[in-house]
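In what follows, a structure is listed as structure tokens, so that the remarks can point back to it.
The values are calculated or read from the model by the stated rules, or taken from the named source; none is laboratory data. Treat the numbers as computed from the prediction; the structure is a model and nothing was measured. Backbone-built Cβ (ideal geometry, glycine too); neighbour counts: all protein chains shown. Just so you know, the surface numbers come from the protein's heavy atoms only, side chains and all, with ligands and any DNA or RNA stripped out. Shrake-Rupley method; radii C 1.70, N 1.55, O 1.52, S 1.80 Å.
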Amino acid sequence: MTASDSALRRFLFGLPGVDAVGLEARAAALGTRSIKTTAKAYAIDLAISMIDLTTLEGADTPGKVRALAAKALHPDPLDRTTPRTAAVCVYPDMVATAAASLAGSGVKVASVATAFPAGRAALDVKLADVRDAVAAGADEIDMVIDRGAFLSGRFLKVYEEIVAVKAECGTARLKVIFETGELSTYDNIRRASWLGMLAGADFIKTSTGKVATNATPANTLLMLEAVRDFRAQTGVQIGVKPAGGIRTTKDAVKFLVLVNETAGEDWLDNHWFRFGASSLLNDLLMQRQKLSTGRYSGPDYVTVD
């Protein structure tokens, strides 16, 4: 099916069409589940452990990255029972700083690459970006697909770029970002999900967090269905990472319910599910403090990212 553009197009357009009304209704219904007391405490700790704590700004400095790494290691300095985050995600030039700060901790170093966030660069430039990040100590690479190629039907080009990036990753895990807000339709998101998985993605990821529409319950549900179906057909398990727009504990719990009810318990682990949502961590910490003390501390009691 990947031998030519036409063969790949036939496969992708042969996937079942998405019932948009049904998809959104199911996502909304699952979002009404009520999670209380011990289950909520478990969900909060699980969500904290799934966060890729991220700084992707032009004003990033080594000091900011070291501070973010310290927060990843001890999200609540006053409560050392708080789980560590899954990873710290930075630009390639900040990977060495993050790696030195996190050495031996188990917290992963992730790096965006391939001309993030637009992906507008020649393939050799993208591959050099990946090589630099891996050489500096990145455990994970978050790449962006060429949305222009995808939307114009050049699926084989997108597939071959993912394959080439995966080869440069070595032992680093590869997250493939679709920028779902630019793909326009649920059918395109389903096709992109299968294209990424066929090309060797270890994770499929909704968004860069740099556009207006990022992760939503509906597009994440659709991607969870894709990884579930892919494992059923191939035996290969792929992770999912919604990114952008997930800011509250209530939001995070909704996404965890989606994971449990769609893909299943096997994905309720930070090896297979991540949140790309740094601002989410502070709300999770405030809710965690409220559960343990009975008092709502407010944002002044958590560090500012």
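How much of the accessible area of the range 134-241, in percent, comes from carbon and sulfur atoms when a 1.4 Å probe is used? Whole-percent figure for carbon plus sulfur exposure: 49. Placing one equal scatterer on every Cα of the range 1-133 and applying the Debye formula, the log10 ratio I(q)/I(0) at q = 0.16, 0.18 Å⁻¹ is -0.96, -1.00. Computed 3J(HN,Hα) for the range 171-183, one whole-Hz value per residue from the Karplus formula 6.51 cos²θ - 1.76 cosθ + 1.60 where θ = phi - 60°, is 8, 5, 7, 10, 9, 9, 9, 8, 6, 4, x, 9, 7, glycine and proline marked x. Summing charges over neighbours of Trp272, with a neighbour being any other residue whose Cβ is under 14 Å away from its Cβ, gives +2 when K and R count +1 and D and E count -1. For the range 204-245, averaging the sequence separation of C-alpha pairs within contact (under 8 Å, six or more residues apart) and dividing by the residue count gives a relative contact order of 58 percent. Straight-distance candidates among the lysines for linking to Lys71, with alpha-carbon spacing under 25 Å and chain neighbours fewer than 8 residues away dropped: Lys40, Lys108, Lys175, Lys205, Lys210, Lys241, Lys250, Lys254, Lys290.
Our summary gives the range 62-129 a relative contact order of 28 percent, counting only alpha carbon pairs under 8 angstrom and 6 or more residues apart.
Here's how it looks for Thr54: its modeled amide H is under 5 Å from those of Cys89, Ser278, which are all 5 or more places away or on a different chain.
Residues whose amide H lies under 5 Å from that of Asp142, counting only those 5 or more places away or on a different chain, are Ser111, Val112, Ala113, Lys175; hydrogens are built 1.01 Å from N in the peptide plane. Counting Lys and Arg as +1 and Asp and Glu as -1 over every other residue whose Cβ lies under 15 Å from the Cβ of Ala20, the net charge comes to -1. Structure remark: mean-square fluctuation, Gaussian network model of the chain, C-alpha springs under 10 Å; the largest value among Glu57, Glu182, Glu160 belongs to Glu57.
In the chain, a dipole from Cβ-located charges (positive for Lys and Arg, negative for Asp and Glu) runs towards its positive end, and of Trp267, Phe116, Thr54 it is Trp267 whose Cα lies farthest in that direction. Charge dipole (Cα centre; +1 on Lys/Arg Cβ, -1 on Asp/Glu Cβ; no other charges) of the chain amounts to roughly 520 debye.
Ordering Met94, Ala29, Pro83 by the projection of their Cα atoms onto the charge dipole of the range 17-114, which places +1 on the Cβ of Lys and Arg and -1 on the Cβ of Asp and Glu, puts Pro83 at the extreme positive end.
With both labels modelled 7 Å from their Cα along Cα-to-Cβ, the Lys250 to Thr2 distance reads 4.2 nm.
Summing Lys and Arg as +1 and Asp and Glu as -1 over all other residues whose Cβ lies under 13 Å from the Cβ of Asp129 gives a net charge of -3. When the Cα atoms of the range 163-305 are aligned to their principal axes, the ranges along those axes come out at 48, 33, 30 Å in descending order. Each residue of the range 3-16 was assigned a 3J(HN,Hα) from its phi angle through the Karplus curve 6.51 cos²θ - 1.76 cosθ + 1.60 (θ = phi - 60°); the sequence is 6, 7, 4, 5, 5, 5, 5, 4, 5, 5, 7, x, 5, x Hz, with glycine and proline shown as x.
Hey, of [x] 15.2; [y] 20.4; [z] 27.7, which did the structure itself give for mean projected area of the Cα convex hull in nm² when calculated? So the structure-derived entry is [x].
Of Val211, Val88, Val158, the residue with the greatest mean-square motion in the GNM of the chain, using alpha carbon springs below 10 Å, is Val211. For Ile35, no residue has an amide H sitting under 5 Å from its own, ignoring neighbours fewer than 5 places away on the same chain, with H placed 1.01 Å from N. Couplings 3J(HN,Hα) for the range 100-112, derived from phi with the Karplus relation 6.51 cos²θ - 1.76 cosθ + 1.60 (θ = phi - 60°), are 5, 6, 10, 3, x, 8, x, 6, 7, 9, 10, 9, 6 Hz, where x marks Gly and Pro.
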